Amino acid sequence: MGFVGVNETRFFIKNENPKTQSLTFQELYINGWNSYWLMEESVWVSSRFRVSKMLKRGAEMGLSVCRTWAFSDGGGPNDLQLLPGVFNERVFKVGLDFVIVEARKHNIRLILSLVNNLKAYGGTAQYMRWAREAGTNVSSSRDAFFTNPTVKAYYKSFVKAIVTRKNSISGVKYSEEPAIFAWELINEPRCESSSSAAALQAWIAEMAGFVKSLDQKHLVTIGLEGFYGVEKAGNVGLNPGKWAASLGVDFIENSAIENIDFTSVHAYPHSWIKGGVNSDARVDFLSHWVDSHINEAEKILKKPVLFTEVGFPSSIQKNGLYDRNIFLKIVYDKIYESAKKKRAGAGALVWQLLVEGMERYGDQFSFIAWKHPSTYKLMVEQSCRLLNISCLANAS
């Protein structure tokens, strides 16, 4: 496997010939998925075959990138980080090390997320709890995660342990592992107040630079949902609601940071737009949401944009079509058209795929792909047509 790089608004794979010491560059457009549960499930010897099955089935569908959690913060027996800088080596060995080796075996690349902004799996709240327990004066605001020196040091300690780790199975350092596509700084960062926007911006710049100081071979992204901030009045109307402009995040400003290689966007029209709204309104929102982010990534940021979570329910409309397929086809078609024109829309990752026996990790957007034949077909077709574009580009 070659490492993935960026050339302005496109991804490419750097393939090195060890005999001739020559490099070739192969364009890459991504059809992928999320399975956040891979590390957690690998810890259980009786369930590890399901992790292998998920990666194998993803590869059979032509999917090339899987996004998953590289964190589990707390004091539980199967948590990865038990205390700041104190790790459960067993979880490292049978969990994350195993996931990375299995991904490479199936030619899958991983986006590894480094902390959760939500409470699940510890998240930012656990870091602040640890700091308070150590006697540090930490503000009651969740935004202290982005500003408190002790908390930031804890996060850096965790990141360094992950990025510099040597895989106990393969013997390859994570920083030298081509099966890792990118490091994601934080899943869905949000602030309690828009007044913390500057603090978040500074945190992203600091942590992106820190990761790059440890690892120059891998890409870095933030983990944004794609909302626009109050300062970007022209784009606030594209948000799913007024609430989104008050979260201290801004797609353009955050993504423009130098050490951020590509930007990320999520899409959940059914969660974000509630109330008496019909499907057509959500379709219209999603269409504009995808277009605006591709356009701004192309013209303003000049970086690839990856839709790293796109989630839709499987309810059936009156015409017999699945809601999920209607919405997913909108995203897929826009990515395909962008790729044909060599623009910034670089791919999309479905939220989220399961295998049989993993239903406990599910939510209203999770599904077992091969049990939904029409969706399965849609995903495979997207893989094929993006691969075809890549092949034509590389042939020319």
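Some points to look at:
- Number of positions in the stretch 95-116 that are surrounded by fewer than 20 Cβ atoms within 10 Å (Cβ to Cβ) and of a type in the set (A, V, I, L, M, F, W, C): 1
- Verdict on Ile316 being β-branched (Val, Ile, Thr), open to solvent by 30 Å² or more (accessible area, probe 1.4 Å) and at pLDDT below 95: yes
- Residue in the stretch 39-73 that is most open to solvent (accessible area, probe 1.4 Å), counting only those that are over 18 Å from Leu386 (Cα atoms) and under 14 Å from the mean Cα position of the chain (by Cα): Trp69
- Of the residues making up the stretch 210-220, those that are open to solvent by less than 10 Å² (accessible area, probe 1.4 Å) and either among the β-branched types (Val, Ile, Thr) or without any contact (Cβ under 8 Å) to a residue 12 or more places away in the chain (or both) are Val211, Val220.
- Residue within the stretch 323-339 that is at pLDDT below 90 and either open to solvent by less than 10 Å² (accessible area, probe 1.4 Å) or farther than 26 Å from Leu112 by Cβ (or both) present: yes
- Qualifying residue in the stretch 190-213 (condition: over 22 Å from Thr308 (Cα atoms), among the polar types (S, T, N, Q), in contact with a Ser or Thr (Cβ under 7 Å, 6 or more places away or on another chain) and at pLDDT 95 or above): no
- Scanning the stretch 117-133 for residues that are open to solvent by less than 20 Å² (accessible area, probe 1.4 Å) and out of contact with any strand residue (DSSP E or B) (no Cβ under 9 Å at 6 or more places or on another chain) returns Met128, Ala131.
- Pairing residues of the stretch 102-124 that are within 18 Å of Glu225 (Cβ to Cβ) with residues that are surrounded by fewer than 24 Cβ atoms within 10 Å (Cβ to Cβ) and basic (Lys, Arg), at Cβ distances under 8 Å and at least 6 apart in sequence or on separate chains, gives Asn117/Arg190; Thr124/Arg142.
- Residue ID - farthest from Asn254 (Cα to Cα), chosen from residues in the stretch 156-209 that are touching a residue at least 12 places away in the same chain (Cβ under 8 Å) and basic (Lys, Arg): Arg165
- Subset of the stretch 236-258 [closer than 30 Å to Val211 by Cα and of a type in the set (A, V, I, L, M)]: Ala244, Ala245, Leu247, Val249, Ile252, Ala256, Ile257
- Applying the condition of being surrounded by 10 or more Cβ atoms within 10 Å (Cβ to Cβ) and of a type outside the set (S, T, N, Q) to the stretch 8-22 and asking which residue is farthest from Asn295 (Cα to Cα) yields Glu16.
- Test: residue in the stretch 20-32 that is among the charged types (D, E, K, R) and in contact (Cβ under 8 Å) with a residue 60 or more places away in the chain: yes
- Exclusive hit being among the hydrophobic types (A, V, I, L, M, F, W, C) and over 28 Å from Glu253 (Cα atoms), set Val355, Val305, Val310, Val290: Val355
- For the stretch 155-174, the candidate set comprises residues that are part of a helix (DSSP H, G or I) and open to solvent by 40 Å² or more (accessible area, probe 1.4 Å); within that set, the residue that is nearest to Lys93 (Cα to Cα) is Lys160.
- Neighbours by Cβ (under 8 Å, 6+ apart or cross-chain): first from the stretch 42-56, at negative phi; second of a type in the set (S, T, N, Q) and in a helix (DSSP H, G or I): Arg48/Ser42; Val51/Ser42
- In a residue-by-residue description of the stretch 215-226, the property of being modelled with pLDDT of 95 or more, within 16 Å of Leu286 (Cα to Cα) and not charged (D, E, K, R) applies to at least one position.
- Among all positions in the stretch 181-194, there is no residue which is among the hydrophobic types (A, V, I, L, M, F, W, C), more than 23 Å from the chain's Cα centre (by Cα) and within 29 Å of Leu55 (Cβ to Cβ).
- Subset of the stretch 74-102 that is more than 24 Å from Phe367 (Cβ to Cβ) and among the acidic types (Asp, Glu) - its residue that is farthest from the chain's Cα centre (by Cα): Glu89
- Residue, most open to solvent (accessible area, probe 1.4 Å), within the stretch 346-381, restricted to residues that are in contact with a strand residue (DSSP E or B) (Cβ under 6 Å, 6 or more places away or on another chain) and not in a helix (DSSP H, G or I): Trp351
- Between Asn259, Asn295, the distinction of being surrounded by fewer than 19 Cβ atoms within 10 Å (Cβ to Cβ), in contact with a helix residue (DSSP H, G or I) (Cβ under 7 Å, 6 or more places away or on another chain) and of a type in the set (S, T, N, Q) belongs to Asn259 only.
- Test for Glu184: is it in contact with a Ser or Thr (Cβ under 8 Å, 6 or more places away or on another chain) and over 17 Å from Phe92 (Cα atoms): yes
The values are calculated or read from the model by the stated rules, or taken from the named source; none is laboratory data. This structure is a prediction, so every number in the text was calculated from the model and none was measured. Neighbour counts run over all protein chains shown; Cβ positions are idealised from the backbone, glycine included. Side chains included, ligands, DNA and RNA excluded: accessible areas come from the protein's heavy atoms. Shrake-Rupley method; radii C 1.70, N 1.55, O 1.52, S 1.80 Å.
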